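What follows is a single structure, written as structure tokens, with notes after it.
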Amino acid sequence: MAPFFKSRKGSTHGYDITNPFRLNPEIGKLETFRKISEWLEKNYMTWLQDIVPNHMAYDCENDWLRDIFELGPHSKYYRFFDIDWNKGQKLMAPFLGATAEEILKENKLNLKLDESWISLDYFDHSYPVSAHTYSEILATPELKDWEKKFRDFEAGKQDWQDLKSLFLIDIQADHELRSSVDKTLKKINASEEKMKKILDFQFFRPTHWKKTENEINYRRFFTINGLICLKMEDKEVFDNYHSFIHQLIEAGFINGLRIDHIDGLFDPLQYLENLRSLIGLDFYIIIEKILEWDEKLPRHWPVQGTSGYAFLAEVNQLFTNGRNEELFSEQYQKINPRNGEYETLVYQQKLFILKERMGGEFSNLWELALELKLLPDNAANTNSKNALGAMLAAFPVYRIYPEDFPLKKKQKKIIEQAYERAFQHGESTEKEFEKILSILLKTSPNFTYSIFQKYVKAFCNNKIKELLPFDLSKLEEISDESLGIQKEFL
């Protein structure tokens, strides 16, 4: 079954999860699921559940993101998502239809007060403002009591949710107070200068959605800005995310798991081993994995197999009349005579996506190589970067899975194939290609496995990892809200 945890309101697929501790109320309640489970057991049937460890919805309904928006570095979820906080100290929010400057001039970004928070709204997008913003908004004589309370707020010493809840209750009960707040918000919304000041206080940066085509500071699901990825390689994140899933398994409601987009994870093997440690060796697990025709699933991965793309591809051939290939090719050439061979077309389109749609990720990868000093100073040029892009576009499989260094023969062969294909397309000179190849296949005095692992996995997965370690042991395992949900479930 597709993911059935709480998702973005109106979701038609469930892969945009906002809360992994609750069932989606638009699908049904836990008691209903319990009855279904009992019926399945009586009829000798089982339940295979799809889960999404790679990403969640980038949405105000996402409790973890909302907490980050309000508390920034003081949020217990600050390091849960794959965000490069070193790039501007603000999370990009790429959902505007134009630049932030143009939106502010047209008064399309506005502060709004509702029963849950004060937010910055842009059409159907809503962003809770930071805790510090409240004291700035309430800096009027009529609201001075609440202004002082918010100015005195110190994250870690006071409970933010309690303070905000008391304020909202007071606002709802006092008509004059509510009127004063509404008037203040209206004045700020009407002033471009005041709105710019409000934006300075935020832990996110509203930008035009196309900005991510050349700049991005968070990992997303392919090119979908509205899906933000998790740092599932960190144990605190893993344990937190899977707590409710584990309870459903322990109760016998879920009899098997399908892991969505396993290749999006930093270390798929580590994830699967963590999952096995959590739910046991005899539990049925399959993964959603794209395999080329001559590619094999790693034998040591603790899974029962894939979700069957290869099988479906073969079944589809039963309904394909191979004799019509020539006829279709002729007709296609009449429509689009410019395109050449299929392999060339695939390479060109992959290069287009990399540079024109994932240019931000590509730049992050290139900057990582330079930061790690994997290339000499004189290599920081366009030709060398083009060579890296060409090898990415020529990669013959989705990704490889280096666990030690040097690479295994099959992994070396894959990289060499990418080198040969890229060189054939003539995007760069042999000298530039040799530089990139040497990073992946050769050692140097400062080239440790740790550095190699970071770069190769980023190379094969088009993603950048933060370089500074972060101690997640201080983070709480699970929110108070979710504990209540689990206690109720048990």
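Structure values in brief
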quantity: Efficiency of FRET from Cβ geometry, residue 112 and residue 338, R₀ 51 Å, rounded to 0.05; calculated: 0.55
quantity: Potential lengthening between residue 293 and residue 215 on full extension [0.36 nm per residue; Cα-Cα distance subtracted]; calculated: 24.7 nm
quantity: Residues whose placed amide H lies under 5 Å from that of residue 19, excluding near-sequence neighbours; calculated: 6
quantity: Segments 82-88, 16-22 sorted - mean Cβ within 10 Å per residue, highest first; calculated: 16-22, 82-88
quantity: Furthest towards positive pole of dipole, 45, 417, 313, structure part the chain, Cβ charges; calculated: 417
quantity: Å³ per residue enclosed by the Cα convex hull of the chain; calculated: 195 Å³
quantity: Part-to-part distance (alpha-carbon centres) for the stretch 22-77 and the stretch 387-424, which is given in Å; calculated: 37 Å
quantity: About the Cα centre, charge dipole magnitude for the chain (Lys/Arg +1, Asp/Glu -1 at Cβ), debye; calculated: 820 debye
quantity: Rounded to whole Hz, the Karplus (6.51, -1.76, 1.60) HN-Hα couplings of the stretch 130-139, x for glycine and proline; calculated: 5, 4, 5, 5, 4, 5, 5, 5, 8, 7
quantity: Overall dimensions of the stretch 51-98 by Cα: Rg and Dmax, Å; calculated: 11.4, 35
quantity: Karplus-derived HN-Hα couplings along the stretch 309-321 (A = 6.51, B = -1.76, C = 1.60, θ = phi - 60°), whole Hz, x at Gly and Pro; calculated: 4, 4, 4, 4, 4, 5, 4, 4, 5, 5, 9, 10, 8
quantity: Carbon + sulfur, % of accessible area of the chain - ligands and nucleic acids excluded, 1.4 Å; calculated: 51 percent
quantity: Per residue, the convex hull volume that the Cα atoms of the stretch 1-68 enclose (Å³); calculated: 85 Å³
quantity: Cα→Cβ-extended label distance, 7 Å offset, between residue 38 and residue 373, nm; calculated: 6.7 nm
quantity: Note, ³J(HN,Hα) from phi for the stretch 276-289, Karplus 6.51, -1.76, 1.60, rounded to Hz, x at Gly and Pro; calculated: 5, 4, 7, 10, x, 7, 9, 8, 6, 9, 10, 10, 7, 9
quantity: Partners for residue 187 among lysines (Cα-Cα distance below 16 Å; same-chain residues under 8 apart left out); calculated: 105, 108, 112, 196, 197
quantity: Sites residue 403 and residue 318, calculated FRET efficiency, Cβ-Cβ separation with R0 35 Å, nearest 0.05; calculated: 0.40
quantity: Proximal aspartates and glutamates relative to residue 149, as straight alpha-carbon distance under 15 Å, when same-chain residues fewer than 8 apart are discounted; calculated: 136, 159, 162, 170
quantity: Solvent-accessible area per residue, Å², over the chain with all protein chains present [probe radius 1.4 Å]; calculated: 53 Å²
quantity: Helical mean residue ellipticity (222 nm; -39500 (n - 2.57) per DSSP H run of 4+; nearest 500) of the chain; calculated: -13500 deg cm²/dmol
quantity: Amide H within-cut-off set for residue 118, under 5 Å, with H built and near neighbours excluded; calculated: 129
quantity: Electrostatic dipole magnitude of the stretch 304-359 [Cβ: Lys, Arg +1; Asp, Glu -1; Cα centre; debye, to 20]; calculated: 280 debye
quantity: Antiparallel DSSP beta bridges within the chain, as percent of all bridges there, nearest 5; calculated: 55 percent
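The values are calculated or read from the model by the stated rules, or taken from the named source; none is laboratory data. All of these numbers come straight from a predicted model, not from anything done at the bench. So basically every Cβ, Gly included, is an ideal-geometry build from the backbone, and we count neighbours across all protein chains shown. For the accessible areas, the whole protein counts, side chains as well, though only heavy atoms, and no ligand, DNA or RNA atoms are used. Shrake-Rupley method; radii C 1.70, N 1.55, O 1.52, S 1.80 Å.
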